[in-house]
Amino acid sequence: IVRGARAIRIGEVPAVILPGLSCTSRFDDHDVLRGEEVAAAGLLQEIGSDALLLSVPGQHGKWIELTGGAVARFHTSMTVELHRVLAQGSILAPLMQAPPQDGEPFRLGVARAAEGGGLGRLLFSARSAVLARRFSEADAGAYLWGLLIGADVRENLARHLPCFVTGAPEDQRLPDGAAWGSM
């Protein structure tokens, strides 16, 4: 990152443009970082740990492995975008109209996904639970969000590395729901 940094001026203001990164993930997929490396560099400076995992949630969330003071590899997960697609155009959309809330249904979704299993089957289980009156529609929406997050976390926390998550308080979020990028 440092070798690719470029100092510029915007009018009278000095600025530095960082290059972003690309890699082949542990899944053998090509991937890119375009800004999230700044959070990784900040965490490395703050923590100074030898090996850790950084989660940068967002529309296309990033999971960044940091080893030996550098970004070792990373991959992208479409968890937030997948939630939006399901909420806008799937058979599950009617269950996803209310904003998801933390609580028992959400935590049950996280736990179910953490156990493993096909995400398609797990997602459909929300609809079946409503039909069987195990959940209200509002609870099913929270459960669905828990399933998506739980599946993402399960895949990544199996690495057994200390994990840090970026974010910002709710009142510091941008209008589209993205965080300002504070730790």
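Restrict the check to segment 61-72 and report whether at least one residue is farther than 16 Å from V165 by Cα, of a type in the set (K, R) and out of contact with any Lys or Arg (no Cβ under 6 Å at 6 or more places or on another chain). Checking segment 61-72: not a single residue is farther than 16 Å from V165 by Cα, of a type in the set (K, R) and out of contact with any Lys or Arg (no Cβ under 6 Å at 6 or more places or on another chain). Residues in segment 1-15 that are modelled with pLDDT of 90 or more and open to solvent by 70 Å² or more (accessible area, probe 1.4 Å) were compared, and the one that is farthest from G35 (Cα to Cα) is E12. Considering only segment 61-79, state which residues are outside any strand (DSSP E or B) and more than 16 Å from G146 (Cα to Cα). Of everything in segment 61-79, those that are outside any strand (DSSP E or B) and more than 16 Å from G146 (Cα to Cα) turn out to be G68, G69. Summed over segment 106-121, the residues that are open to solvent by less than 20 Å² (accessible area, probe 1.4 Å) and touching a Gly at 6+ places or on another chain (Cβ under 8 Å) give a count of 2.
I'd like the residue in segment 49-60 that is in a strand (DSSP E or B) and in contact with an Asp or Glu (Cβ under 7 Å, 6 or more places away or on another chain) and, out of all such residues, is surrounded by the fewest Cβ atoms within 10 Å (Cβ to Cβ). In this case the residue turns out to be L53. Candidates in segment 126-146 are the residues that are open to solvent by less than 60 Å² (accessible area, probe 1.4 Å), of a type in the set (A, V, I, L, M, F, W, C) and more than 13 Å from the chain's Cα centre (by Cα); of these, the one that is nearest to M78 (Cα to Cα) is L144. Looking at the structure I just gave you, is G117 more than 19 Å from the chain's Cα centre (by Cα) and within 30 Å of L52 (Cα to Cα)? The answer is yes for G117. All conditions in (1) open to solvent by less than 30 Å² (accessible area, probe 1.4 Å); (2) in contact with a Pro (Cβ under 8 Å, 6 or more places away or on another chain); (3) over 17 Å from V153 (Cβ atoms) hold for D31, with the sole exception of (2). The listed residues are L43, L82, L95, L86, and the only one of them that is in a helix (DSSP H, G or I) and open to solvent by 60 Å² or more (accessible area, probe 1.4 Å) turns out to be L82. Pairs linking a residue in segment 23-36 that is part of a strand (DSSP E or B) to a residue that is of a type in the set (S, T, N, Q) and crowded, with 17+ Cβ neighbours inside 10 Å, with Cβ atoms under 9 Å and 6 or more positions apart or on different chains, are D31/T76; V32/T76; L33/T76. Name the single residue that is nearest to R134 (Cα to Cα) among those in segment 98-110 being of a type outside the set (A, V, I, L, M) and part of a helix (DSSP H, G or I). Checked segment 98-110; the qualifying residue nearest to R134 (Cα to Cα) is P105. Taking segment 61-79 as the range and being touching a strand residue (DSSP E or B) at 6+ places or on another chain (Cβ under 6 Å) and surrounded by fewer than 16 Cβ atoms within 10 Å (Cβ to Cβ) as the test, the residues that pass are T67, A72.
The values are calculated or read from the model by the stated rules, or taken from the named source; none is laboratory data. Small disclaimer: the values here were computed from a predicted structure and weren't measured. Cβ coordinates were reconstructed from backbone atoms using ideal geometry, including for glycine residues, and neighbour counts include every protein chain displayed. Only protein heavy atoms, including side chains, enter the accessible area calculation; ligands, DNA and RNA are left aside. Shrake-Rupley method; radii C 1.70, N 1.55, O 1.52, S 1.80 Å.
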